[in-house]
Amino acid sequence: MKVIDHINQAKNTLISFEVLPPLKGKGIDALYKHLDPLMAFNPSFINVTYHRSEHVFKKKTDGSFEKIVVRKRPGTESICAAIMNKYNVDTVPHLICGGFSVNDTEDALINLNYLGIDNVLVLRGDAAKNESVFEPEPGGHNYAVDLLRQVVSLNDGIYLEEELRDTQKTKFCIGVAGYPEKHFEAPNKEIGLQHLKQKVDAGADYIITQMFFDNAKYHAFVKDCRDIGITVPIIPGLKPIYTKKQLTHLPKTFNIDLPTDLSNEVLRCKTDLDVEKVGREWLLMQSRELKKAGVPVLHYYTLGRPLLIADVIKDI
Ligand code: FAD
C-alpha cells in the first residue's frame, strides 16, 4: 500500500521507521533482531536507506596503490522485499541519483515494480567519499527532481525506449527529503524551499524531514512550506541522542543544530547510560508534542538504538 494512502486513511498519527541494509558480510538476521522489538508498534511503513559505492585505495605488494570499488551496504531492494515478506509491512526503498545512469534507475524501478513495492523515497545522495561536490553518474541525474520526473514518467507508462507500446504504468508513491534547518548547499532558506516546491510540483506525494531536535524548527518549516503553496504531508524525522560523541557527530554529518538545553544536559552526564536517559526523555518530549500537534506520521531513524526508540514509543 502507498504511504500516501496510509496517511489519508489514518485517524491518528502513524509510526514508521528507517533502517539500513546490513553491512556486507553480515547476514539479515541482525536486521530482523533490530526490527523485532519495533514491529509491536505496527509501523505503517519501513524505509530502507541506499548506500552508493565508495572508491578505496588498497596497497599492493609492490608498494603501489590500486583503486577499488567497495559497496559497504548493498541490497536495499532485496532487503525491502525480505522485510515485506517477513512482517507483512510496506517498505520504502530509498533511490538516489549518485552512481546511477538513467538506465540503471529504470532497471531498479522495474525490479521494484515486479517485487510489488509501491513506494520510493527519491533523493539526490551526497557527494561520493572521494569527491568534494556531488557529481552525477555519466548519463545520470543531477538533482532529486530529475530522478523524480523519471519515476513520474514510468508511472505514466513512458519508458526510456519511447517506442515501447502498450506498456504497464507503474504506480509508485513518491516521497522526497526536506530540511527544516536548510540543506547545506542551498544558498538560503528561500531558495531551498523553492527547490523543495519544484519536487512537489513535479509529483512528490509527501516530504520526510531531516532529523531535528527542536520542534519549533519543524513547525516553522511546515509554515514556510504552506506559505509558498506546498500542501503535501510533511513527516517529521526523529532520532535519539545516546552518546556524547553525537554532540559533534550529528551537526557535522547532518548539518543540524542541537538545542543548548539538550547539549548542556548531555554534557553534564557522567556515563553513556545517563546520556541515553537524557536522549530518551528528549525524544519522548518531541514525540508527544508532535503527536499533539497532529503530525501525520512519527518517523524514527532507528540506527543504533531500536530498544530505546521502542521504549519511547510505548510511552507516547
Ligand atoms: P535535492 O533535492 O536534489 O537538493 C540537493 C541540493 O541541490 C539542495 O541544496 C537544493 O537546494 C539544490 N537544488 C535542488 N534542485 C536544484 C536545481 N534545480 N538547481 C539548483 N540547485 C538545486 N542519502 C543517501 O545517500 N542515501 C539515503 O538513503 C538517504 N536517505 C535520506 C533520507 C532523508 C529523509 C533525508 C532527509 C536525507 C537522506 N539522504 C540519503 C541524504 C541526501 O541524499 C542528501 O541530503 C543530499 O545532499 C540531498 O538530497 P536531496 O534529495 O535533498 O537533493
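Does segment 289-300 contain at least one residue that is touching a Pro at 6+ places or on another chain (Cβ under 7 Å), part of a helix (DSSP H, G or I) and more than 27 Å from Ile207 (Cβ to Cβ)? No; the residues of segment 289-300 include none that is touching a Pro at 6+ places or on another chain (Cβ under 7 Å), part of a helix (DSSP H, G or I) and more than 27 Å from Ile207 (Cβ to Cβ).
Across segment 215-232, a minimum of one residue is classified as within 16 Å of the ligand (Cβ to nearest atom), of a type in the set (Ser, Thr, Tyr) and under 20 Å from Ile313 (Cα atoms).
Restricting segment 233-271 to residues that are in contact with an Asp or Glu (Cβ under 7 Å, 6 or more places away or on another chain) and surrounded by 18 or more Cβ atoms within 10 Å (Cβ to Cβ), the residue that is nearest to His219 (Cα to Cα) is Ile256. When you check Ala127 against the structure, is it over 30 Å from Lys67 (Cβ atoms), within 13 Å of the ligand (Cβ to nearest atom) and free of Cβ contacts under 8 Å to residues at least 60 places away in the same chain, yes or no? The answer is no for Ala127. Only one entry of Val122, Val133 meets the criterion of being within 13 Å of the ligand (Cβ to nearest atom) and closer than 30 Å to Pro37 by Cα, and that entry is Val122. If we keep just the residues of segment 131-143 that are within 15 Å of Ala108 (Cβ to Cβ) and touching a residue at least 40 places away in the same chain (Cβ under 8 Å), which is surrounded by the fewest Cβ atoms within 10 Å (Cβ to Cβ)? The extreme case among them is Glu137.
When segment 133-164 is filtered for residues that are among the β-branched types (Val, Ile, Thr) and either in contact with a strand residue (DSSP E or B) (Cβ under 7 Å, 6 or more places away or on another chain) or closer than 17 Å to Ser53 by Cβ (or both), only Val151 remains. Restricting segment 85-103 to residues that are away from the ligand (no atom under 16 Å from the Cβ) and touching a residue at least 24 places away in the same chain (Cβ under 8 Å) leaves a set whose member that is surrounded by the most Cβ atoms within 10 Å (Cβ to Cβ) is Asp90.
Here Leu307 clears all of (1) in a helix (DSSP H, G or I); (2) more than 25 Å from Leu31 (Cβ to Cβ) except the condition numbered (2). Flag not set for Asn142, criterion: more than 13 Å from the ligand (Cβ to nearest atom) and of a type outside the set (D, E, K, R).
Yes or no, residue by residue, for (1) aliphatic (A, V, I, L, M); (2) modelled with pLDDT under 95; (3) closer than 28 Å to Val89 by Cβ; (4) touching a Pro at 6+ places or on another chain (Cβ under 7 Å):
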residue: Val102; (1), (2), (3), (4): yes, no, no, no
residue: Leu109; (1), (2), (3), (4): yes, no, yes, no
residue: Leu115; (1), (2), (3), (4): yes, no, yes, no
residue: Asn119; (1), (2), (3), (4): no, no, yes, no
residue: Ala127; (1), (2), (3), (4): yes, yes, no, no
residue: Gly140; (1), (2), (3), (4): no, no, no, no
residue: Ala144; (1), (2), (3), (4): yes, no, yes, no
residue: Arg149; (1), (2), (3), (4): no, no, no, no
residue: Asn155; (1), (2), (3), (4): no, no, yes, no
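So how many residues does segment 80-99 have that are in contact with a helix residue (DSSP H, G or I) (Cβ under 7 Å, 6 or more places away or on another chain) and farther than 15 Å from Met39 by Cβ? The qualifying residues number 5.
The values are calculated or read from the model by the stated rules, or taken from the named source; none is laboratory data. Keep in mind it's a predicted model, so treat the numbers as computed, not measured. Positions of Cβ are generated from backbone atoms using ideal geometry, with glycine treated the same way; all protein chains shown enter the neighbour counts.
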